[in-house]
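The values are calculated or read from the model by the stated rules, or taken from the named source; none is laboratory data. Keep in mind it's a predicted model, so treat the numbers as computed, not measured. Backbone-built Cβ (ideal geometry, glycine too); neighbour counts: all protein chains shown.
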Amino acid sequence: MTECKILDGKKVASEARERIAVIVKEIKESGKVPPGLAVVLVGDNPASKVYVGQKEKACKEVGFESFLHRLPEETTQQELLELVAKLNEDPKVHGILVQLPLPKHLNETEVIEAIRPEKDVDGFHPMNLGKLVAGLPCTVPCTPKGIMYLLEYYGIEIEGKNAVVVGRSNIVGKPVAHLLLQKNATVTICHSRTKNLEAITQEADILVVAAGKPHFITQHMVKKGAVVVDVGINRLESGLVGDVDFDGVRMKASWITPVPGGVGPMTIAMLLQNTLEMYERTL
Ligand code: NAD
């Protein structure tokens, strides 16, 4: 059995948060307005409520101003766009996050495009995603940014490696694939129509999985010594599990992220980091 090490997102995220808290303390001591994050939650999606609660708590812990806007399920597109327009103009708000998914009657694309790119803390605005693809400075979506931070923290070599990303969403799969490409990996993106997936994953030196399917990646799909990043969050009766069969895959991998305690905490830490960076750009 290969000795498999843990990419400890909980620890790395906590260190990042402590570093941010020190910076915010200095900002406040100098008499300046602190960084402010506005979070908009529409409706009663239980998972969204949990995420928003975690984000608000994290903001307060590092000393940010947190502006939570809870809107009812029946909120209209117009009302939501008006709130976004107000937050765009509010000088105390440096980052705006509209928690997705929105209720079915609302148009997510239009809402994301209404956020000013310089306040688009999630990095989902086409302007930011476009700059990411072009390799220009931009706000990088929190989960992909957290994955790259974790790999860098543990000194995982990326250049020249075969990186395989399972999942092609705009929030995880596509951006993380581009970030790996920027670091000179040879990147393959797999998705639901990919044929013979396991033949591709077996070639991965770095395997990032964001498919939303519990225990989808099993031991025989992974190359010996691979670095495995599990983005999946699946709520089963037995608890929270990732997209990777952790117990099986750790027998072959050299590094692996646990769920929980891997990518999840990094996402929240990078949300704070993005807010701080947006704030600093306004100074
Ligand atoms: P999504 O549902 O938008 O996309 C899933 C992707 O998986 C699609 O591109 C699809 O083509 C691919 N896929 C589905 N079935 C497949 C199959 N059989 N073979 C290969 N590819 C397949 O998902 P998302 O928003 O990118 O999220 C993916 C997972 O990551 C979810 O579990 C989500 O909860 C989790 N997530 C976690 C964090 C975090 O902070 N840890 C952040 C975002 C998303």
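Quick look at the numbers
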| read-out | value |
| --- | --- |
| Unique match (being under 30 Å from L37 (Cβ atoms) and at pLDDT 95 or above) among G248, G212 | G212 |
| Residue match in the range 203-219 (condition: within 12 Å of the ligand (Cβ to nearest atom) and acidic (D, E)) | no |
| Candidates K223, K195, K213 - the one that is touching a Ser or Thr at 6+ places or on another chain (Cβ under 9 Å) and surrounded by fewer than 24 Cβ atoms within 10 Å (Cβ to Cβ) | K223 |
| Residue in the range 266-282 that is among the polar types (S, T, N, Q), touching a strand residue (DSSP E or B) at 6+ places or on another chain (Cβ under 6 Å) and at pLDDT 95 or above present | yes |
| Close pairs (7 angstrom Cβ cut-off, 6 or more residues apart or separate chains): at pLDDT 95 or above in the range 1-29, basic (K, R) and not in a helix (DSSP H, G or I) anywhere | C4/R250 |
| Candidate set from the range 158-201 (those that are within 13 Å of the ligand (Cβ to nearest atom) and of a type in the set (S, T, N, Q)); member that is farthest from the chain's Cα centre (by Cα) | N196 |
| Every pair of residues 6+ apart whose Cβ atoms lie under 8 Å, when the first sits in the range 93-122 and is free of Cβ contacts under 8 Å to residues at least 24 places away in the same chain and closer than 17 Å to L271 by Cβ while the second is of a type in the set (D, E) and assigned to a strand (DSSP E or B) | I112/D120 |
| Answer residue from the range 134-155, given it is in a loop (DSSP other than H, G, I, E, B) and among the small types (G, A, S) and is nearest to A269 (Cα to Cα) among those | G155 |
| Of residues in the range 119-139 being out of contact with any helix residue (DSSP H, G or I) (no Cβ under 6 Å at 6 or more places or on another chain) and under 26 Å from K11 (Cα atoms), the one farthest from the ligand (Cβ to nearest atom) | G123 |
